[in-house]
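Chemist: Structure provided below as structure tokens; questions to follow.
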Protein chains: 4
Amino acid sequence: MFMRMSFTVAVAGASGYAGGEMLRVLLGHPEARIETLTAHSSAGNALGEHQPHLRSLADRILAPTSPDTLAGHDVVVLALPHGASGAVAAELAQRDPTTIVVDLGADHRLSNAADWEAYYGNAHAGTWPYGLPELLHAGESVPTKQRAVLAEATRIAVPGCNVTAVTLGLQPGIAAGLIEPLDVVAVLANGYSGAGKSLKPHLLAAEGLGMAQPYAVGGTHRHIPEIAQNLRVAGAPDVTISFTPTLVPMSRGILATATARLVPGTDPALVRAAWETAYADEPFVHLLPAGQWPTTAATLGANTALVQVAVDERAGRVVTVTAIDNLVKGTAGGAVQSLNVALGLPETLGLPLDGVAP
Amino acid sequence: MFMRMSFTVAVAGASGYAGGEMLRVLLGHPEARIETLTAHSSAGNALGEHQPHLRSLADRILAPTSPDTLAGHDVVVLALPHGASGAVAAELAQRDPTTIVVDLGADHRLSNAADWEAYYGNAHAGTWPYGLPELLHAGESVPTKQRAVLAEATRIAVPGCNVTAVTLGLQPGIAAGLIEPLDVVAVLANGYSGAGKSLKPHLLAAEGLGMAQPYAVGGTHRHIPEIAQNLRVAGAPDVTISFTPTLVPMSRGILATATARLVPGTDPALVRAAWETAYADEPFVHLLPAGQWPTTAATLGANTALVQVAVDERAGRVVTVTAIDNLVKGTAGGAVQSLNVALGLPETLGLPLDGVAP
Amino acid sequence: MFMRMSFTVAVAGASGYAGGEMLRVLLGHPEARIETLTAHSSAGNALGEHQPHLRSLADRILAPTSPDTLAGHDVVVLALPHGASGAVAAELAQRDPTTIVVDLGADHRLSNAADWEAYYGNAHAGTWPYGLPELLHAGESVPTKQRAVLAEATRIAVPGCNVTAVTLGLQPGIAAGLIEPLDVVAVLANGYSGAGKSLKPHLLAAEGLGMAQPYAVGGTHRHIPEIAQNLRVAGAPDVTISFTPTLVPMSRGILATATARLVPGTDPALVRAAWETAYADEPFVHLLPAGQWPTTAATLGANTALVQVAVDERAGRVVTVTAIDNLVKGTAGGAVQSLNVALGLPETLGLPLDGVAP
Amino acid sequence: MFMRMSFTVAVAGASGYAGGEMLRVLLGHPEARIETLTAHSSAGNALGEHQPHLRSLADRILAPTSPDTLAGHDVVVLALPHGASGAVAAELAQRDPTTIVVDLGADHRLSNAADWEAYYGNAHAGTWPYGLPELLHAGESVPTKQRAVLAEATRIAVPGCNVTAVTLGLQPGIAAGLIEPLDVVAVLANGYSGAGKSLKPHLLAAEGLGMAQPYAVGGTHRHIPEIAQNLRVAGAPDVTISFTPTLVPMSRGILATATARLVPGTDPALVRAAWETAYADEPFVHLLPAGQWPTTAATLGANTALVQVAVDERAGRVVTVTAIDNLVKGTAGGAVQSLNVALGLPETLGLPLDGVAP
């Protein structure tokens, strides 16, 4: 049994896709009391103008995003552009040290300042506890997972959506020493909501409908050092990864095909067992029965990750496919899952497991 | 306050789209205990092979559909092909008269056997209480709605999905005497899940992606007499309706544009007020603020109907647009809403109000 | 036999969707020599940056749009925002009176200045010969079509894409006196390219994928007076039309469902014959065999309009469905068809008849 | 100059996607005279019932597929299921040895019977000249391409669509010795038409709309030995490839992300030049300017392959992205290109270079 403990929440950036999804997930959470919604240029508008699907909150007025509007809540969620979280979080820490701050942006994910500077270009805002409860810590004598770290956290850096998908796909093999962390290759099919509400020509419906297009090809995507960081936590001494996302005509979803070389001499029969062991007790990460393959449709709206693994003996590679909803398990759902841990609530509380399909 | 009352459920036809959605909605219902799932040709399979998104029930084995497997539950939901419900329901009534039977199919919707025979061609199975709680009964001295009828029901005929959309769009104007029920014209944009899992060439993804196609043009669609029936209940002495559905590249959703002539001499300023009055207290039917238009995205996964109305004075017509999720408010959600009423539970219990968007 | 006559062309607005499609169609035309491409903010760029599909012209540099760059060609095509064509055309007329100017925009379509001002709000730029060769002129003793007018034209006002679809659907019944021009109702499923490359949130792929949304509901769309104008040319003494476009998840295409009341006392058996007669000799407008319905996929990339008609005797309405590619028959293809007529070339020269499907 | 030489064609399998696209391409070819269309279960129907977009041929009646109907043409195109071409081709060879037979199926692609049997399971029908004119033959003293072989051919085995995309992406680096042919990884985003008109649940629009799903994961796809064969022709001593196709919501198109390790010690600056050299004179394979990335939309309906290459120095891999239309460059367009070579016609005759976009 747990003590029911309701908490108040403020969501900064409520007019965007990540902020909207955070609200949708929190609306299904029995202990969350959504008190304050803020926005930048949309401040003063009703939420219904920007998030017409959130009927429960349609009449709420967006306050301006500032420490003044955000302070005084048990939990503050930051759904802000990269680089904007650091200052707000610092000010909130001063005003109210017990507030739990959840950052959906990238600012506090990387533990290595040099990685941050190489990929993001400005000064590093510091490292927060990383919000992926299922992340394996394989170097320890008794293997643990990241949820042990989150149980003590008052700051949570929510992972990048692509990072969650690729990490969940590969980490069991890394932790078990079955696959090589050098020369990992990941190619992703991504829904357009991952790009946010940016008004750019290549994100128009007339362009995106019926076509596939890659972006950030050739090692430039900012999620690369974050994936490498996770695989190191899972036991890789060093990591190289070729990572290519491709936009395909869906609003939500990530289908990540991530492959790595089978360690020479490894018995292929051991592979599936490593993934089974890693996820046997996980409520949201499901290894599918052999022969079934993940689809993004099966995870739409849910905090679920579906994983499958196969050994291609001719190619000498393990191929993993992971499907998530980029806005749920990849962002807002993963955030609430970590928040539940930090609050001492049941980890699954209020989180959807079943997708909306077809 | 209400007394919490859990109920057991069997769902017949659990491998199809309507049956799957019924399960998804029931999984979110705090009082439903899903006990039996049945199927025809898929009996013996795990549900996860057919509904990979329903993680909570992935390992459940499908029983064969028969009175033997369905009997003995508080509630039985029939998600069967047209014509198959009548015999099953009769047998269940004999075995267990207190069971509530919810029919997602068409067999028991029409009150007029001649209508049934004209549009469906076989013998009429009889008429059940109609499962649209918001249906206006305008002919009565104190106007009521259909939920009063449902409060006493042990049989529920769930409306056709298109019927729900068109009825909700037009009925306030009919009941208020502001629009003419003759010469109604409705054209719908429909998602493909409305066609079920039928393996037909024109339903293939390669065909449907990126194109629009009409079907059942020229007055042949079976939902026409059902819409007319509802508008008569709402106060129309007689009804004619030109109804054209069109398949567009979305999996779910109905966007119904339904127009009717403004009664000559009517003050256009009265129109909006009639819709406001009709839906002011409705939890799931929302008239949008003036200037906002419904989108199917805003209702995806939710039991919500979004309605807007405009007067085109040049054309002399009132234009209504209604968006619903065909599988939720149009099928499984509407069914559970009616079931809640029949069970004496709060009408909104366990039903999602907020859509999954973008 | 005709004398081969090649012509030089300049296209203004070559970086947009209409301008790009004009180039694509002209590239397939054996007599067109594409000499000058112009743009506004993209001037100086290579065309390949904006129209990556036009491989034949990828290295062409966009000139600034001005009379200086456009003058001196046999044909000038204006693919400019509404209101911009008038001044450019006037200047071109002064410099080179024999140049044929084709306006893809709305400025010169309407014959009635009051209509223009009511729907567009600024001063009317004047009326040009209307670029729909198949438009019926039913009032004349020997019925003719608009191509007779175009044969003498040096100015061509290309119709609105929605207008083409609705006009082709309804005009045979109007001209034959079989349907009533009052109380026409048209609802359209529209692809996103019809909205142009405008950077607006509701046009983003993340929003548009998987949903349907209406716009310009209630009689405000600017294509309404143009449809009415055409139906009057086809023989209607007066016209009222309720017109609702809806955006659906496709890049191209219009599926127009347009209905009108059957004139009381009309023999329904006469209906199909009227459409057959109207289009028997048309190369690009095809009445489908009874029982087949138009799909936008079948017209993609082609200058073809597919039409079907049915009589709904219960509703007392004729229902027509017309499918076109909004950018081809609805814009650039229709423009080149009219241009062929004006140039004395075979009307079908260089125009695709077969769609790209599936 | 070339001598114009018209040829007669029969297309077997005209009711399917590959056969329909062959007809569409041939309709644009100035020398092709389409004489006979055949089908299996649809024999006797008008083509318009199955290919409503092919307006030019809508009234043609489908003959039964047999040597009797196919014999007597200059060219016979076989668009038949795997395994069906061998017997038909043998019979045609006996009757008319000068007929050119083009096989769109897999039966005659592989040069190694053991490969065929490992992946297809039945007896190998023999090897025909391979229909990829751009295939590099790097082992020869003066490097040539496959078009030299095709110039003498009377049989053409058209490549698999995925094979074309991956081969074009990687072969310049293989031929130049810059990338390693071992440990190639390719992941593809595929449109649904690649799966043909098969009536399978996972190919329904309701399923495919808005989701991504992998298939043939883990080294089982039949295109793998064919890619390896091509890379060996291009100079690889041995090849291993991890290959994963994923279905994404588009009707047409392949976006192939194919990566290989940079040979240790290679100067990354040499990479782009190798691709430039390989494709400088190719009419249909275009290396995009640095910084532009291929999209499938830009190739829709065209015989064009768009290629880009980048070096990811951190990962030590070259990443190539290739976009094609699977039905054009990947099937029917590539076939006609090879046929032009075999007939001594200009290779580009009648083939579309510009895509249909947006």
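Chemist: Any idea what the alpha-carbon Rg over 2.2 N^0.38 Å comes to for the stretch A:84-239?
Modeler: 1.15
Chemist: Taking the Cα centre of the protein assembly as shown as origin and charging only Cβ (+1 Lys, Arg; -1 Asp, Glu), how large is the dipole, in debye to the nearest 20?
Modeler: For the protein assembly as shown, the charge dipole is close to 0 debye.
Chemist: Another one. Nearest 10 degrees, 0 to 90: what angle lies between the long axis of helix B:161-175 and the longest principal axis of chain B (Cα atoms)?
Modeler: Long axis of B:161-175 versus the principal axis of chain B: about 40 degrees.
Chemist: Excluding D:THR240 itself, calculate the net charge of residues whose Cβ lies under 11 Å from the Cβ of D:THR240, where each Lys or Arg counts +1 and each Asp or Glu counts -1.
Modeler: Computed value for this residue: -2.
Chemist: Reachable lysines from C:LYS197, Cα under 18 Å, same-chain residues fewer than 8 places away excluded?
Modeler: Candidates past the 8-residue exclusion: A:LYS197, A:LYS200.
Chemist: Cα-based Rg (one decimal) and Dmax (whole number) for chain D, in Å?
Modeler: Rg then Dmax for chain D, in Å: 19.6, 63.
Chemist: Let a ≥ b ≥ c be the square roots of the eigenvalues of the Cα gyration tensor of the stretch A:143-207; is it rounded (a/c under 1.5), or, if not, prolate (a/b larger than b/c) or oblate?
Modeler: Here the stretch A:143-207 falls in the oblate category.
Chemist: What does the copy distance list look like for D:LEU199, label position 7 Å along Cα→Cβ, in nm and ordered from shortest?
Modeler: 0.7, 4.8, 4.8
Chemist: When a/c is below 1.5 the answer is rounded, else prolate if a/b is larger than b/c, else oblate, so apply that to the stretch D:142-181 with a ≥ b ≥ c taken from the square roots of the Cα gyration tensor eigenvalues.
Modeler: oblate
Chemist: Still on this structure, I have one more. Over all residues in D:19-30, what is the mean tally of Cβ atoms on other chains that come within 10 Å of each residue's Cβ?
Modeler: Mean partner-chain Cβ count within 10 Å for D:19-30: 2.
Chemist: Pick from A:PRO294, A:PRO264, A:PRO237: which residue has the top mean-square fluctuation in a GNM of chain A where Cα pairs under 10 Å get a spring?
Modeler: A:PRO264
Chemist: Another question about this same structure. State, in square angstrom and to the nearest 100, the accessible area buried between chains C and B, both chains counted, probe radius 1.4 Å.
Modeler: That pair of chains buries around 3400 Å² in total.
Chemist: Could you work out the mean count of beta carbons from other protein chains within 10 Å of each residue's beta carbon in C:316-328?
Modeler: 3
Chemist: If you average the sequence gap of Cα pairs under 8 Å that are 6 or more apart and divide by the length of the stretch D:201-358, what percent do you get for the contact order?
Modeler: About 21 percent, as a whole number.
Chemist: Could you please state, rounded to a whole Å, how far the C-alpha centre of the stretch B:1-70 is from the C-alpha centre of the stretch D:249-328?
Modeler: 48
Chemist: Continuing with this model, one more query. Could you tell me how many degrees, from 0 to 90 and to the nearest 10, lie between the Cα long axis of helix D:17-27 and the main elongation axis, the longest principal axis, of the Cα atoms of chain D?
Modeler: 80
Chemist: Just to be sure I understand: of the beta bridges DSSP finds with both ends in the stretch C:171-289, what percent are antiparallel, rounded to 5?
Modeler: Once the DSSP bridges in the stretch C:171-289 are tallied, antiparallel ones form about 55 percent.
Chemist: Once the label point is set 7 Å along the Cα-to-beta-carbon vector, what list of distances in nm do you get between B:PRO64 and its counterparts in the other copies?
Modeler: 4.0, 7.1, 8.2
Chemist: Tell me, what is a quarter of the convex hull surface for the C-alpha atoms of the stretch B:163-326, in nm² with one decimal?
Modeler: 9.8
Chemist: As a test question: what accessible area, to the nearest 10 Å², does D:LYS200 have when a 1.4 Å probe is rolled over all protein chains in place?
Modeler: Rounded to the nearest 10, that gives 100 Å².
Chemist: Quick one: plug the Kirkwood hydrodynamic radius of the protein assembly as shown (C-alpha pairs) into Stokes-Einstein at 20 °C, 1.002 mPa s, and report D in µm²/s.
Modeler: For these conditions, the coefficient is 65 µm²/s.
Chemist: Residues of the stretch C:33-81 with accessible area at least 40 Å² lower in the all-protein-chain context than alone (1.4 Å probe)?
Modeler: Correct list: C:HIS53, C:ARG55.
Chemist: A further question follows. Dipole magnitude of the stretch B:163-326 about its Cα centre, charges +1 at Lys/Arg Cβ and -1 at Asp/Glu Cβ only, in debye to the nearest 20?
Modeler: Dipole magnitude for the stretch B:163-326 comes out near 440 debye.
Chemist: Which residue fluctuates the most in chain D, going by a Gaussian network model with Cα springs under 10 Å, if the choices are D:ALA14, D:ALA212, D:ALA335?
Modeler: Maximum fluctuation in the GNM of chain D, among the listed residues, is at D:ALA212.
Chemist: Further question on the same structure: Given the stretch D:186-256, what whole percent of its Cα pairs are spread farther than 15 Å?
Modeler: Percentage above 15 Å: 58.
Chemist: Taking the label point as lying 7 angstrom from Cα along the Cα-to-Cβ axis, what are the distances from B:PRO289 to the corresponding position in the remaining copies, in ascending order and in nanometres?
Modeler: Nearest to farthest, the other copies are at 4.5, 5.0, 5.4 nm.
Chemist: Quick check on chain D: helices-only [θ] at 222 nm, where DSSP H runs of length 4 and up contribute -39,500 (n - 2.57) each and the sum goes over total residues. Nearest 500, please.
Modeler: -7000 deg cm²/dmol
Chemist: A follow-up question, please. Just flag the GluC sites (Glu not before Pro) in the stretch D:85-167 sitting in loop per DSSP whose Cβ has no more than 13 other Cβ atoms within 10 Å.
Modeler: Here the sparse-neighbourhood loop sites are D:GLU140, D:GLU152.
Chemist: Give me D for the stretch D:259-311 in µm² s⁻¹, whole number, from Stokes-Einstein with Rh from the Kirkwood sum over alpha-carbon pairs, 37 °C and 0.692 mPa s.
Modeler: For these conditions, the coefficient is 266 µm²/s.
Chemist: Taking the Cα centre as origin and putting +1 on Lys and Arg beta-carbons and -1 on Asp and Glu beta-carbons, what dipole magnitude results for the stretch B:141-224, to the nearest 20 debye?
Modeler: 320
Chemist: Any residues in the stretch B:252-286 that have 30 Å² or more less accessible area with all protein chains than in their chain alone, probe 1.4 Å, and which are they?
Modeler: Those are B:ARG252, B:LEU255, B:THR257, B:HIS286, which lose 30 Å² or more relative to the chain on its own.
Chemist: Roughly how tilted is helix D:224-233, in degrees to the nearest 10 and between 0 and 90, from the longest Cα axis of chain D?
Modeler: 70
Chemist: Give the shape of the stretch D:22-76 as rounded, prolate or oblate, defined through the alpha-carbon gyration tensor: a ≥ b ≥ c are the square roots of its eigenvalues, a/c under 1.5 means rounded, and otherwise the shape is prolate if a/b is larger than b/c and oblate if not.
Modeler: Note, shape of the stretch D:22-76 comes out oblate.
Chemist: Give me the percent of the accessible area of the stretch D:163-326 that comes from carbon and sulfur atoms, probe 1.4 Å, all protein chains in place.
Modeler: Answer for the stretch D:163-326 is 56 percent, counting heavy atoms of protein chains only.
Chemist: Using the basic label-point model (7 angstrom from Cα toward the beta carbon), what is the B:LYS200 to D:SER6 distance in nanometres?
Modeler: Each label point is offset 7 Å from its Cα along the Cβ direction, giving 4.1 nm.
Chemist: Which log10 I(q)/I(0) values, to two decimals, does the stretch B:61-133 give at q = 0.19, 0.27 Å⁻¹ under the Debye formula with one point per Cα?
Modeler: Here log10 of I(q) over I(0) equals -0.79, -1.31.
Chemist: Normalised by the number of residues in chain D, what is the relative contact order in percent for Cα pairs under 8 Å and 6+ residues apart?
Modeler: Once normalised by length, the contact order is 17 percent.
Chemist: Counting only heavy atoms of the protein chains, get the accessible area per residue of the protein assembly as shown (1.4 Å probe) and round it to a whole Å² value.
Modeler: Value for the protein assembly as shown: 31 Å² per residue.
Chemist: Expressed as a whole number of Å, what is the distance separating the alpha-carbon centroids of the stretch B:100-132 and the stretch C:92-146?
Modeler: Going from one Cα centre to the other spans 54 Å.
Chemist: Something else: Determine, for each peptide in C:16-22, B:119-125, the mean count of other beta carbons within 10 angstrom over its residues, then list the peptides with the highest first.
Modeler: My ranking of the peptides, most packed first, is C:16-22, B:119-125.
Chemist: Just need log10 I(q)/I(0) for the stretch A:1-157 at q = 0.11, 0.15, 0.19 Å⁻¹, Debye formula, equal scatterers on the alpha-carbon atoms, no solvent, rounded to two decimals.
Modeler: Taken in order of the listed q values, log10 I(q)/I(0) reads -0.47, -0.85, -1.22.
Chemist: Still on this model: For B:SER56 paired with B:THR220, estimate the spin-label separation in nm (one decimal), with each label point 7 Å from Cα along the Cα-to-Cβ line.
Modeler: 4.1
Chemist: Antiparallel versus total DSSP beta bridges in chain D: what percent is that, nearest 5?
Modeler: So the antiparallel bridges amount to about 45 percent of the total.
The values are calculated or read from the model by the stated rules, or taken from the named source; none is laboratory data. Treat the numbers as computed from the prediction; the structure is a model and nothing was measured. All Cβ positions, glycine included, derive from the backbone under ideal geometry; neighbour counts span all protein chains shown. Side chains included, ligands, DNA and RNA excluded: accessible areas come from the protein's heavy atoms. Shrake-Rupley method; radii C 1.70, N 1.55, O 1.52, S 1.80 Å.
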